[in-house]
Each structure stands twice: as structure tokens, then as C-alpha cells.
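Values in this text are rule-based calculations from the coordinates and carry no lab data. All values derive from a computational prediction rather than experimental measurement. Neighbour counts run over all protein chains shown; Cβ positions are idealised from the backbone, glycine included.
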Amino acid sequence: MRSLFWDTRIERIDPVRDAEYILARVLEFGRLVDVKWLIRRYGIDRIHDFFRDSGHPELSRRTIGFWRAILRAENETWRSPPEFRRSKAAYWAD
């Protein structure tokens with residue numbers, strides 16, 4: 001999982017203080033084994049709260065759509081990602 005946090009000294013990451021950072025990185029870029037760890041560490045309810053309340057800039061529409069289906073939350077209002085994630089002009093955005 002170290003590769004997900006390439007820009008940070010992993011030993012300085014605090015699982016409580018930096019939970020949103022960890023959730024965003026693992027949910028957007030993690031492998032299945034990473035996501036399983038995340039679910040064990042934070043629980044599915046915390047992940048659901050994260051999507052509903054955060055609108056983190058690292059989350060793509062594809063990831064949000066996937067987790068909406070997994071969490072059966074198609075009719076819930078979730079925070080939107082920032083505008084630059086929704087822009088079609090950005091070649092890296094879905």
C-alpha cells in the first residue's frame with residue numbers, strides 16, 4: 001500500500017487524523033487487497049459517510065458511481081467533487 005502514498009512519509013500518516021486522505025487514496029487508486037484492508041480498518045459505514053459528506057477532490061465520477069452501486073445509495077445526495085474533476089476539458093478526468 002506504500003505506493004498509494006508516494007507523496008507522503010507513510011510513517012507520519014495517522015489513521016484517525018488523516019482518515020479522509022487515506023480513504024480517498026485507497027478508494028480511488030487501491031487494489032482489492034487495499035480496499036479489503038480499508039473496510040476492515042474503517043468499516044463500511046465510515047466509507048459510506050465519507051462519500052456522502054466529503055466530496056474529496058481525488059474521487060473520480062467512476063469511483064463515486066461504483067461505490068454508489070455497492071452501497072445501494074443511488075437516491076442519496078452526496079457531496080460533489082470539485083469543479084476541476086467534473087470538467088471535460090481536463091484530459092485526466094473521466
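Odds and ends about this structure:
- Distance between the 7 Å Cα→Cβ label points at E11 and R72: 4.5 nm.
- Pair-distance distribution of region 2-86: all C-alpha pairs, bin width 10 Å, starting at 0; shares per bin in whole percent are 16, 54, 27, 3.
- The trypsin sites (Lys or Arg not before Pro) of region 3-47 that meet both conditions, a loop assignment by DSSP and at most 10 other Cβ atoms within 10 Å of the site Cβ, are R9, R17.
- Cα pair distances exceeding 19 angstrom across region 1-49, given as percent: 16
- Applied to region 39-49, the Karplus parametrisation 6.51 cos²θ - 1.76 cosθ + 1.60 on θ = phi - 60° returns per-residue 3J(HN,Hα) values of 5, 5, 6, 10, x, 5, 5, 5, 5, 4, 4 Hz, with x for Gly and Pro.
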